[in-house]
Amino acid sequence: MLLPWQQAVQCEFDLILAASETAVEQLHGKVMLLPHGAGAMPSRLRARTAGPEACPTHGLDRGSLMHRGRLLPASLPLAHKDELTLLRESCPDALPVAVVAGDVSFDRLVTSMPWRHAYRRALGLLPSQKLALVTSTWQPESALGTHPDLLDRLMGELPRDRYRVAAVLHPNVWGVHGAWQVRAWLADSLRAGLLLLPPEEGWRAGLASADVVVGDHGSVTSYGAAIGSPVVLASANLEGFLRPGSLANIVSKEAARLRMDRPLARQLEEVVNGHHPGQQRHIAGLITSEPGRAAHILRRTMYRLLDLPEPCRPLTNEPAPLPIPVTGPKSRSFREAG
């Protein structure tokens, strides 16, 4: 059931799952404050609207976790034990509610990898074709913010008998501009065969299918690097924009750079042929310090907050559903697909 915000702030909830601290102080109930990307800290040093002179912030500081002296979350799941060290310095009041839970999205992505061939068939790829997955956030520094013609260039330059192109756009792009506008912007690429994945689901299956990821500082790019995909950055120069030592900063240092003044097909071929998948272990180890256990830890924590006994049945990480581009029918799960 979808509630309007005006109604939600008048209700009392037993448990609130929030992916952002924005306005949660207006809600009534125990709040579990979850990360909404890879890691609990954003990759950016500061909000773009704050300007370059603003002091750096992150999601684990007092300004994010406290409101008028009151701690906002009743539970603060963290993806990595290193974030606990930072929390101890930046907001010690939140230490009693912090739990190192890992990354449930990454765990599901890992579970999805054995289904790579099924995902590729669902996208219509031939065995001889490679999939280039383009992923972009929504800021001017993003892949498509920097190169609005990126998808058109790829569709025009990559040999169609050897490549397909898929795109994953940040949900904010869809939410702010609307699905009609997104389709209108990408109409030429869609007519040329672009596989545009919807914002609700599809990015994990797209990553599992991909042979190369063309992206920016967003979480999808980092997840791609963590599962061993070669990564090419198509964003603007991010120096001074990314938090030093952050996941996105480390991925950007190790990734190749896309040159729009050179043929794109040759660049992608060079990256794919020169890639060493062993690099993934380093990135995966930065994403989570509890690989495969996030669902178990989160369920245990939620039942504790609800003062209910946790069910005895085991938990499994389900693979992502089969990918359906936005022009296709409703997404189906593996069970529904038979």
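The values are calculated or read from the model by the stated rules, or taken from the named source; none is laboratory data. Source: prediction; values computed, not measured. Virtual Cβ from ideal backbone geometry, glycine too; neighbours counted across all protein chains shown. These area figures cover heavy atoms from the full protein model, side chains too; ligands, DNA and RNA do not enter into them. Shrake-Rupley method; radii C 1.70, N 1.55, O 1.52, S 1.80 Å.
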Over all directions, segment 125-257 yields a Cα convex hull whose mean projected area in nm² is 7.7
Residues with amide H under 5 Å of Tyr163's amide H, sequence separation 5 or more or different chain, H placed in the peptide plane at 1.01 Å from N; which? Lys130
How large is ³J(HN,Hα), in whole Hz, for each residue of segment 2-16 in order, when computed from phi with the Karplus curve 6.51 cos²θ - 1.76 cosθ + 1.60 and θ = phi - 60°, using x for Gly and Pro? 9, 9, x, 4, 4, 7, 4, 6, 9, 9, 9, 10, 6, 8, 10
What is the antiparallel percent of DSSP beta bridges lying wholly in the chain, to the nearest 5? 10
Could you provide, to the nearest whole Å², the per residue accessible area of the chain with probe 1.4 Å? 51
With an 8 Å cut-off on Cα pairs and a minimum separation of 6 or more residues, tell me the relative contact order of the chain in percent. 20
Quick one: order His282, His80 from most to least accessible surface, probe 1.4 Å. His282, His80
Helix 264-273 against the longest principal axis of the chain: what's the angle in degrees, Cα atoms only, rounded to the nearest 10? 70
Per the helix-only calculation at 222 nm, which mean residue ellipticity applies to the chain, given -39500 (n - 2.57) for every DSSP H run of n ≥ 4 and division by its residues, nearest 500 deg cm²/dmol? -9000 deg cm²/dmol
Run the accessible area of the chain with a 1.4 Å probe and give the carbon-and-sulfur part as a rounded percent. 54
Percentage relative contact order, segment 189-321, counting C-alpha pairs under 8 Å, at least six apart: 24
Name the trypsin sites (Lys or Arg not before Pro) in segment 77-180 that are in a loop by DSSP and that have at most 10 other C-beta atoms within 10 Å, would you? none
Candidate aspartates and glutamates for bridging to Lys253, where Cα separation is under 15 Å - those fewer than 8 sequence places away on the same chain excluded: Asp216, Glu239
In terms of the alpha carbon gyration tensor, root eigenvalues a ≥ b ≥ c, rounded if a/c is under 1.5 and otherwise prolate when a/b exceeds b/c or oblate, segment 79-153 is oblate
Test of understanding: what is the full-extension gain from Arg121 to Glu310, defined as 0.36 nm times their sequence separation minus their Cα-Cα distance? 64.2 nm
Expressed as an acute angle from 0 to 90° and rounded to the nearest 10, what is the orientation of the C-alpha long axis of helix 81-90 relative to the principal long axis of the chain? 50
Distance between the C-alpha centers of segment 79-140 and segment 292-315? Whole Å please. 20
If the reach is capped at under 15 angstrom between alpha carbons, list the aspartates and glutamates near Lys81, excluding any in the same chain fewer than eight residues apart. Glu89, Asp103, Glu290
For Ala256, what residues show an amide H to amide H distance below 5 Å, using hydrogens built from the backbone and excluding near sequence neighbours? Val231, Leu233
